[in-house]
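Q: The structure's right below; bear with me while I get my questions together.
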Amino acid sequence: MDILTRASEGIKTCVSCGNLDECSPCAYCMDPKRDKEVLCVVEDIADLWALEGAGCYKGVYYVLGGTLSALDGRGPEELGIDKVLDRLLSSNFKEVILALNPTLEGQTTSHYLTDRIRSLPELEKIKLSHLACGIPLGGELDYLDRGTLMAALEERKTF
Ligand SMILES: [Zn+2]
């Protein structure tokens, strides 16, 4: 058995956020020092790692595992949008940061999620924000340098 096989056998997908870790719920979800009232929604694990690498975000995450894409036949059901809403309804989040990539699919997904969250009276008071300037159009979070990513997170805008 090679190292990669052994490593992948010990890796689990976090039931709560979709991150990969040796335990589920993952270390971020279990960390008592993280802010459990802020949820950051990202497209994939590489984006989560990019934000962690920047070291400026202290809330918890939700990894979507992709975007809505008519071309690839990926609708809300395939993407598991209801799971995000369930998580919001069963927790006490005060803010949701939609940190999807500034691509057409990323923004479409972001707007769709916003509409769905806003359509639920239970989530009326939740603050919705998205990453602000600094991210080049067509760019992807995992390719950004730390400074750009920090600026984008800090200057996030409310929807
Ligand atoms: Zn987790």
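Q: Round to a whole angstrom and tell me the spacing of the C-alpha centers of the range 15-29 and the range 76-102.
A: Their Cα centres are 16 Å away from one another.
Q: Please give the length that would be gained between Lys157 and Thr103 if that part of the chain were fully extended, namely 0.36 nm times their separation in residues minus their C-alpha to C-alpha distance (nm, one decimal).
A: Extra length from Lys157 to Thr103 when fully extended: 17.7 nm.
Q: Arg146 to Glu78: extension gain in nm, 0.36 nm per residue of separation minus the Cα-Cα distance?
A: Using 0.36 nm per residue and subtracting the Cα-Cα distance, I get 21.3 nm.
Q: Using r as the Cβ-Cβ distance of Thr114 and Cys56, and R0 as 30 Å, what FRET efficiency do you calculate, to the nearest 0.05?
A: 0.85
Q: Roughly what % of Cα-Cα distances in the range 86-159 sit above 17 Å, to the whole percent?
A: 46
Q: If you don't mind, there's one more thing I want to ask. Of the lysine pairs in the range 35-158, how many meet both conditions: Cα atoms under 17 Å apart, and a spacing of 8 or more in sequence or different chains?
A: 11
Q: Could you tell me what fraction of 2.2 N^0.38 Å the Cα radius of gyration of the chain comes to, as a two-decimal ratio?
A: Taking the Cα Rg and dividing by 2.2 N^0.38 Å, one obtains 1.03.
Q: Same structure, new question: So what is the relative contact order for the chain, in percent, with contacts set as C-alpha pairs under 8 Å and at least six apart?
A: Taking the mean separation of contacting Cα pairs over the length of the chain, I get 20 percent.
No lab work stands behind these numbers, since they all come straight from the coordinates. Quick caveat, the model's predicted, so the values are computed rather than measured. Heads up, the Cβs are rebuilt from the backbone with ideal geometry, glycines too, and the neighbour counts pull from every protein chain shown.
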